[in-house]
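Notes follow the structure.
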Amino acid sequence: MTLIGPSLMCADMGNLQESVTRLDQAGVDFYHLDVMDGKFVPNFTMGPDLIRKIREYTKKPFDVHLMIEKPEDHLDLFIDAGADMISVHTEATGHLQRTLQKIKDKGLKAGVALNPSTPVSEIEYVLDVIDYITVMTVNPGFAGQKFVPLMNKKISRIRELIEIEGYKVDIQADGNIGYHTIPDVIGNGANMLVLGTSCLFRNDITLEDAVKKLRAFLSEQKAGIKSGM
């Protein structure tokens with residue numbers, strides 16, 4: 001099953017509570033929350049207080065994507081705020097394995113996020129402490145960027161590595177995930193989609209209809225993959 005998660009940095013911040021409630025009722029699988037510190041990436045976004053506040057309005061998993069330097073120093077803040085999953089970037093910490101293990105020891109799912117230029121080899125020796133891998137299909141920091149085509153090849157290589165090593169790890173695609181890119185990313189092995197302005201948060205369709213339309217599209221893709229086997 002392909003899981004869908006709205007990227008809340010793309011939502012209407014003035015009506016965030018309403019958006020979360022409506023998306024919940026529409027049947028999304030998780031919420032993706034980008035945290036940026038203005039150092040690791042050139043932007044600032046959600047903090048633990050905001051995450052704690054919207055935690056009141058849904059029981060769906062919170063996937064907190066830490067685009068910050070030294071994430072290990074701030075894990076407890078986001079765990080206490082209500083995170084269920086936390087992903088960190090390989091370049092952001094000097095002790096990746098230790099950071100991932102700490103997340104797991106707290107009872108959360110641990111993820112590694114890979115920038116477009118980050119090689120797959122960075123995760124080879126931490127696969128035993130990874131629950132999911134976030135493949136950034138754009139350079140992190142801002143919404144609305146163009147999809148980097150070679151990321152389909154990266155997703156495919158990650159899937160092959162996971163299968164060869166025998167681990168159960170989800171692959172999440174994040175960045176310009178829309179109807180034009182979804183077929184390739186799921187065809188290459190992604191099973192979690194982070195959704196923003198490309199197909200979910202749009203002015204020409206309601207949130208409810210956008211989720212419904214996407215579910216129908218994913219069902220068609222699944223049927224097409226099965227028929228091609």
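Bear in mind that the values in this text are calculations on the coordinates, not laboratory data. Just so we're clear, the structure is a prediction, and the values are computed from it rather than from any experiment. Every residue, glycine as well, gets a Cβ built from its backbone with ideal geometry; the counts of neighbours run over all protein chains shown.
The table for this structure:
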quantity: In segment 42-61, the residues that are hydrophobic (A, V, I, L, M, F, W, C) and either loosely packed, with under 15 Cβ neighbours inside 10 Å or over 19 Å from the mean Cα position of the chain (by Cα) (or both); calculated: Phe44
quantity: The listed residue being closer than 21 Å to Met192 by Cβ, without any contact (Cβ under 8 Å) to a residue 40 or more places away in the chain and β-branched (Val, Ile, Thr), out of Thr99, Thr2, Thr21; calculated: Thr99
quantity: Criterion violated by Leu150 - all others in (1) surrounded by 14 or more Cβ atoms within 10 Å (Cβ to Cβ); (2) under 23 Å from Asp34 (Cβ atoms) satisfied; calculated: (1)
quantity: Failed item in (1) part of a strand (DSSP E or B); (2) out of contact with any helix residue (DSSP H, G or I) (no Cβ under 9 Å at 6 or more places or on another chain), with Lys146 passing the rest; calculated: (1)
quantity: Looking only at segment 83-102, and only at residues there that are touching a Leu at 6+ places or on another chain (Cβ under 8 Å) and farther than 21 Å from Leu161 by Cβ, the one that is surrounded by the fewest Cβ atoms within 10 Å (Cβ to Cβ); calculated: Asp84
quantity: Criterion (surrounded by fewer than 19 Cβ atoms within 10 Å (Cβ to Cβ), without any contact (Cβ under 8 Å) to a residue 24 or more places away in the chain and part of a helix (DSSP H, G or I)) met by exactly one of Ile164, Ile205; calculated: Ile164
quantity: Condition check for Lys109: more than 19 Å from Gly196 (Cβ to Cβ), surrounded by 15 or more Cβ atoms within 10 Å (Cβ to Cβ), of a type in the set (D, E, K, R) and within 14 Å of the chain's Cα centre (by Cα); calculated: yes
